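S.K.: Pasting a structure below so you can have a look.
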Amino acid sequence: PEEVRLRYIERRQKDIESLRQALTNKALDEFARIGHQLKGNASSFGYPDLEKIGVQMEQAGMKGDSSEASRSLQMFEDWYSKIGAL
């Protein structure tokens, strides 16, 4: 259902805001948490590319790699700017 997919997309903006704050605060466990969620649910909503971003995000958070976390956040923001505008 399209309405469910739209709500899913809207909720991703909150994730992006949380991740920006987490990066600022060096709270990379938030990347692991959100990345894990995206890895688990993005494909079921029809977004396999977001699932891949979630995998990278989760790994960055688990490793405590702020450079990789920043890159994965940029990929997430780029994805959102394309999908969120539809």
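S.K.: May I ask you to work out the translational diffusion coefficient for the chain at 10 °C, viscosity 1.306 mPa s, via Stokes-Einstein with Rh from the Kirkwood sum over Cα pairs, reported in whole µm²/s?
M.R.: 127
S.K.: Please report the orientation-averaged projected area of segment 6-53, defined via the convex hull of its C-alpha atoms, in nm².
M.R.: Projected over every direction and averaged, the Cα hull of segment 6-53 covers 3.0 nm².
S.K.: Tell me, what is the percent relative contact order of the chain, built from C-alpha pairs under 8 Å that lie six or more residues apart?
M.R.: After rounding, I find 31 percent.
Values in this text are rule-based calculations from the coordinates and carry no lab data. Treat the numbers as computed from the prediction; the structure is a model and nothing was measured.
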